[in-house]
1. Take the stretch 142-160 and flag every residue that is within 16 Å of the ligand (Cβ to nearest atom) and more than 17 Å from residue 211 (Cα to Cα).
2. Please work out which one of (1) open to solvent by 70 Å² or more (accessible area, probe 1.4 Å); (2) in contact (Cβ under 8 Å) with a residue 12 or more places away in the chain; (3) out of contact with any helix residue (DSSP H, G or I) (no Cβ under 6 Å at 6 or more places or on another chain) is the condition residue 315 fails and give its number.
3. Would you call residue 335 closer than 24 Å to residue 248 by Cα and either outside the structural domain of residue 160 (by TED's automatic domain parsing) or open to solvent by less than 20 Å² (accessible area, probe 1.4 Å) (or both)?
4. If you scan the stretch 19-75, which residues turn out to be among the basic types (Lys, Arg) and part of a loop (DSSP other than H, G, I, E, B)?
5. What single numbered condition from (1) open to solvent by less than 20 Å² (accessible area, probe 1.4 Å); (2) over 17 Å from the mean Cα position of the chain (by Cα) fails to hold for residue 359?
6. Among the residues of the stretch 142-161, write down those that are without any contact (Cβ under 8 Å) to a residue 60 or more places away in the chain and under 15 Å from the mean Cα position of the chain (by Cα).
7. Please determine whether any residue of the stretch 16-26 is among the polar types (S, T, N, Q), at pLDDT below 95 and open to solvent by 80 Å² or more (accessible area, probe 1.4 Å).
8. Give me the residue from the stretch 121-141 that is in contact with a strand residue (DSSP E or B) (Cβ under 6 Å, 6 or more places away or on another chain) and more than 16 Å from the ligand (Cβ to nearest atom) and, out of that set, modelled with the lowest pLDDT.
Amino acid sequence: MKTPQAKARTPRSLVRPHVQELQAYVPGEQPKVKGLVKLNTNENPYAPSPKVLATVQAAVDERLRLYPDPTAEKLRERLARLHGCQPDQVLVGNGSDELLALATRAFVEPAPEGALAHWSKYPSHSGPKLNVRTVQYFTPSYSLYPVLADIHAAAKVAAPLESDFSLPTLLKLRRGKVWNFYAALTFITTPNAPSGRGYPTAELEALCQAMEGVVWLDEAYAEFADDNALSLAFKYPHVIVSRTFSKAYSLCYQRVGYCVGHAELIAALQRIKDSYNVNGLGQVAALASLDDLTYYRANFRRLKQARTALTADLTGLGFTVLPSQTNFILARPPTLSAEVWQGKLREHKILVRWFGAYETRDYLRISLGTDDELAALLKAVRAILKD
Ligand SMILES: *Cc1c(COP(=O)(O)O)cnc(C)c1O
């Protein structure tokens with residue numbers, strides 16, 4: 001028998017109104033067509049070390065029927081030794097993206113029911129107490145942060161970086177009235193993406209000292225930088241640093257990231273994670289990577305050299321290239337708009353990323369490729385300039 005309510009129960013009506021309205025994160029294109037030079041998603045152009053590949057292959061056996069170690073204990077011990085801390089100060093995630101999501105759930109209160117429509121109008125600054133509902137970040141930076149805040153129904157504070165993508169001074173942040181020193185959670189991409197710019201640790205430290213809530217330093221590209229801010233995670237109980245095996249260790253496919261910080265904060269994240277959040281082969285691959293750091297350090301050196309060479313070559317062709325501390329560069333092309341350049345490069349089978357936001361729309365973000373791939377890029381650029 002049909003009840004009166006059954007009629008109204010459309011599939012859509014079963015979804016929370018908040019979720020009906022959400023916009024998903026837009027990842028860079030993973031092309032289906034073969035033969036494209038892929039410089040659009042900051043993957044490492046070089047394969048994992050032969051030892052890592054052999055170790056993962058050898059692990060594909062009968063054990064696949066078993067659950068993996070729920071807390072990735074061996075990997076956490078190994079990372080703790082590498083960074084000179086205790087294993088309970090380390091949490092491993094299904095990519096560092098998972099850890100960023102856990103942070104919003106652990107440290108930020110969602111909007112109360114019914115408040116959502118007015119949410120964006122809530123004042124971004126409060127008195128001496130923590131703004132428990134606020135997620136904060138600079139723009140431009142990693143475009144996942146606002147998506148995570150929206151999923152969690154948190155309030156967002158997006159504070160502009162300087163026009164050269166450097167950090168505003170504390171004085172300027174105080175005067176600007178946008179920055180919220182009481183935000184429950186502040187994400188800082190360092191070195192920055194998509195600009196590639198590195199931030200001096202002293203500047204980050206001064207900013208951390210001025211903050212009341214959790215400061216999350218997202219160091220997805222730290223291995224390509226001259227400096228990093230890991231020490232701040234050990235010095236300040238409200239600072240967490242995250243890293244990933246995706247970019248530096250060529251393991252995007254495996255989804256392994258980690259964060260380090262005060263054991264109390266790490267325990268909070270641990271409490272809300274999925275039981276088996278990190279797949280077994282990913283744990284095997286990450287451990288094997290740490291056993292072969294010599295291979296990877298050579299890889300980092302090679303990519304940094306490619307960065308210097310590409311910067312010089314593109315500058316010689318009329319591009320304005322920002323100084324980069326990452327495995328990609330942000331470059332403003334000459335003669336045509338960046339968006340048109342992206343299309344033309346695609347016609348030459350070269351994929352790069354263009355972000356339409358106001359601060360970045362004059363630039364192309366180009367991931368560092370192999371020497372051959374970068375030669376192909378430069379050849380295409382010269383051909384486009386000749387047309
Ligand atoms: C790539 C990237 C991540 C996510 O890395 P995964 O570990 O693959 O999830 C996080 N933050 C920034 C800034 C990134 O560029």
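1. Answer for the stretch 142-160, where residues must be within 16 Å of the ligand (Cβ to nearest atom) and more than 17 Å from residue 211 (Cα to Cα): 142, 143, 144, 145, 146, 147, 148, 149, 151.
2. Among (1) open to solvent by 70 Å² or more (accessible area, probe 1.4 Å); (2) in contact (Cβ under 8 Å) with a residue 12 or more places away in the chain; (3) out of contact with any helix residue (DSSP H, G or I) (no Cβ under 6 Å at 6 or more places or on another chain), residue 315 violates only (2).
3. So residue 335 fails the test.
4. Residues satisfying the conditions are 32, 34.
5. (1)
6. 145, 146, 148, 149, listed by residue number.
7. yes
8. So the residue we want is 124.
The values are calculated or read from the model by the stated rules, or taken from the named source; none is laboratory data. From a predicted model like this one, the values you see are computed outputs, not experimental measurements. Here the Cβ is made from the backbone with ideal geometry for all residues, glycine too, and neighbour counts use every protein chain on show. Just so you know, the surface numbers come from the protein's heavy atoms only, side chains and all, with ligands and any DNA or RNA stripped out. Shrake-Rupley method; radii C 1.70, N 1.55, O 1.52, S 1.80 Å.
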